[in-house]
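In what follows, a single structure is set out as structure tokens and then discussed.
Here, each number is a calculation from the coordinates, and none is a lab measurement. From a predicted model like this one, the values you see are computed outputs, not experimental measurements. Here the Cβ positions follow ideal geometry from the backbone for every residue, glycine too, while neighbour counts run over all protein chains shown.
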Amino acid sequence: MVPGRHRMTRFRPCIDLHAGQVKQIVGGTLDSTSSTLQTNYISRHPAAYYAQLYKDNALEGAHVIMLGPGNDEPAKQALRAWPGHLQVGGGIDDKNAKEWLDAGASKVIITSYLFPEGRFSQPRLDAVLQALGGDKSKLVIDLSCRRRGDDSWFVAMNKWQTLTDMQVNQASIRALEPYCSEFLVHAADNEGLQKGIDEKLVERLAQWCSVPVTYAGGGRHLEDLELVKQLSGGTVDLTIGSALDCFGGSGVKFDEELFSSSRHRLGIYRCVVVTCRYRPSAPPPAARPLDAAALYAALGRVVAQQPMLRVGILGEHTNQARFSHLARVDLRDHVAFTTLAGEDAQRYEARLVDTLCWHHDQLWPDVDTRAPWRVAVLQPGADVWRQRPAQDVLFAFHHALMDGVSGKQFHELLLAALNQPGPSRPPSSSSYSSAETPHLLTFPDAPGLPEGQEDAVPFRSSIPFVVKTLWDARGPSLLRARRAAPWHGAPIDLGLPHATRARPVDVPPEVVASLLAACRRHATSLTGLLHALTLASLARRLPADQAASFAGSTPINLRPYVGPGADPALRPLLRCLVTVADHAFPARVVAALRGPGADLDALVWDAARRVKAELAERQAALPADDIAGLMRYAGDWFHYWTEKDGRPRPDSWSVSNIGVLSAAAAVAGAGWSITHVCFTNGAMVAGSPIGVNVASVAGGALTVAVSWQDAVVPVELVEGLAEDLAAFTQRLHETGRLAA
């Protein structure tokens, strides 16, 4: 290890220009003709776009490489976007080196000019350094090379097509170090292939170089950054190009779900849970429970189809969290079979709720190397099984991976895989480690991840919207309009134990049909009605001096707003695409509900219509002026959350409706069906004090799961809300009215 060199491998970005366009090219195919050129990606963005991207994210040390003619102007545009911070290479010689510095380059990079007819020229190196005024801090020597034999590399010039007489070794590097400030080394045989780095070359560079050196070629994902750090002791930096999502790759996400990863790291939002009841088609006593063999086979196919089930999260403790490719998934790390013993169905249901809450309170271990999701198969005791042969399959997941709608889709995929067993192995893109270990899945290639929400949805933010949002968030409190805070339970307390409580309310199929018919008659929706019923319950159970007004929120599925630029092949994948709409219930509305002789039905239906109208208005405006479009500018999410400690919560409750699960018919005599679904958000430490979570099975029951954090709201209040929701809906079914 050389004293004075940094010991932390850094990511060094790049901009490769070919024929005036930003491209990612397979290095070994780069020659003077286009017929043999292989490109991984041709960007629709100019070079200046990437320069601005690197500037916005403070990614120093980027290099702009001009691969052939026609690239000068795009390179200069990039330099103008971030002057003094980008290195430039490609066609640099003693005559233009100073001009590129004057154009805004931080350093110039030279290769081919030093090797006339493939032979190293010391006079040319002297001439370039003289043109730079003898300032070697402005010079980078590119030793891009191709391997010859097992342990030798030779510098390659002319777009990496011509081998020179210079072997890359300790002697040549030591001879060049007095003339430059750093080296750039492309492993041309690996460049653009995303098949892995040249590990031996990285080790040798660490041993040979006493000035900074950046390696490029074959990087697939952020795990390679850690690998380069280990191989070099942190003295070699790494460029990743083709695998980076902003260059069409899938191994590294440039901007990801920091919102959710920061919440998990702080322990304030841990997971989403969607639980479905799977019933075998065979009647008792022939019915057999779901076993590990059948589940592993079906789950293996789902994991192979869904990239978000085989990624980890690197750097979750930082504001640069990234998804990482996991080459191996051991289903035993994600699956558990548990028997919930109980004398009768009622006790089983109580233990099921306790199990849901337990899962909500767990932090995900080792998220960098283990995908943060789990499946728990809950088996009732023998007595309950004989009465009702069914198992609950609980799917818990980190919110950064996907949203509640995707949690529902996971069960639809799993059900289909169980009912259509197919081959014993997943698709050819993956394989079991061996026939003897069906729980081990290997994925040698990084998957194509769905675009991040901010890239998939073309958000547009007007200047008035941005100004208002910033003013509301950061404006001086003395100058902002004072608003009476709606009832929000206890203030946010990051020190409270993370203890989830839940109370499911099951609505039978015939009652669901009555609710939907009533909503149609009153020109509203089920979501609007549940907001209004929650309002009516809390208004009557809380005194006016504690709760003069309320506020609610509704998550909105953003899938209908995915833009035309998004990859259509990625649209159906499990992912996170959600924003939120807010609803205010002012004091006059609440007072009317509390008034003597209040017409409960009229007031509830009026509130329900208003919620539906607000949702329709928000959805019609999307994707313009939405808070989700500003999330990438939040900066420090950890500060954002910790700053909320001790402050009022944003609203009184949230109604989250993930919709109807399509429970495909079971294969006669051998298949499974889903008869019940329960969706829970768990404790929202820095969010709504009460979650009203809604899901249903096509043609079947609907479950409204009320969840909350212990000690944030009184237990009797939330239990009363659950009782009111059950009573309101049953009464509407029986009498056509909500009021008793």
**Fill in**
Mean separation of Cα contacts under 8 Å (at least 6 apart) over the residue count of segment 255-442, i.e. the relative contact order in percent, is 35
**Prompt:** Which trypsin sites (Lys or Arg not before Pro) in segment 537-580 pass both tests, a DSSP loop state and at most 12 other beta-carbon atoms within 10 Å?
**Reply:** none
**Message:** Please state the shape class of segment 255-442: rounded when a/c is under 1.5, otherwise prolate if a/b exceeds b/c and oblate if not, all from the C-alpha gyration tensor.
**Reply:** oblate
**Fill in**
From fewest to most C-beta neighbours within 10 Å, the residues LEU530, LEU593 line up as LEU593, LEU530
**Request:** Would you mind checking which residues have amide H under 5 Å from ALA624's amide H? H placed 1.01 Å from N; only 5 or more apart, or other chain.
**Result:** ARG460
**Message:** Under the rule a/c < 1.5 gives rounded, and otherwise a/b versus b/c splits prolate from oblate, where does segment 68-163 land using the Cα gyration tensor?
**Reply:** prolate
**Fill in**
Counted neighbours (other Cβ, 10 Å), sorted fewest up, put SER656, SER537 in the order SER537, SER656
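Kindly give the semi-axes, whole Å and largest first, of the ellipsoid equivalent to segment 609-740, taking each as the square root of 5 times a Cα gyration tensor eigenvalue.
Here the semi-axes work out to 31, 22, 19 Å.
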**Message:** Run through segment 634-740 and list the trypsin sites (Lys or Arg not before Pro) located in a DSSP loop whose Cβ has at most 16 other Cβ atoms within 10 Å.
**Reply:** ARG737
**Asked** Out of these labelled values of Rg and Dmax of the Cα atoms in Å, (1) 39.8, 126; (2) 42.6, 154; (3) 30.1, 99, which was calculated from the coordinates shown here?
**Response** (3)
**Request:** Distance check, please: which entries in LYS23/LYS468; LYS23/LYS95; LYS76/LYS229; LYS55/LYS229 exceed 30 angstrom between their Cα atoms?
**Result:** LYS23/LYS468; LYS76/LYS229
**Request:** Run the dipole for segment 255-442 about the Cα centre, Lys and Arg Cβ at +1, Asp and Glu Cβ at -1, nothing else charged, and hand back the magnitude in debye, nearest 20.
**Result:** 340
**Request:** Alpha carbons only, please: Rg and Dmax for segment 263-302, in angstrom.
**Result:** 16.3, 48
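Scanning the chain for helices, which whole DSSP H stretches are 27 Å or more long along the axis (Cα) and average -1.0 or more by Kyte-Doolittle?
The answer, listed by residue number, is 600-621, 715-735.
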**Prompt:** Magnitude of the Cβ-charge dipole of the chain, K/R +1 and D/E -1, about the Cα centre, nearest 20 debye?
**Reply:** 860
**Residue order, fewest to most surrounding Cβ atoms within 10 angstrom, among ASP445, ASP150, ASP291** = ASP150, ASP291, ASP445
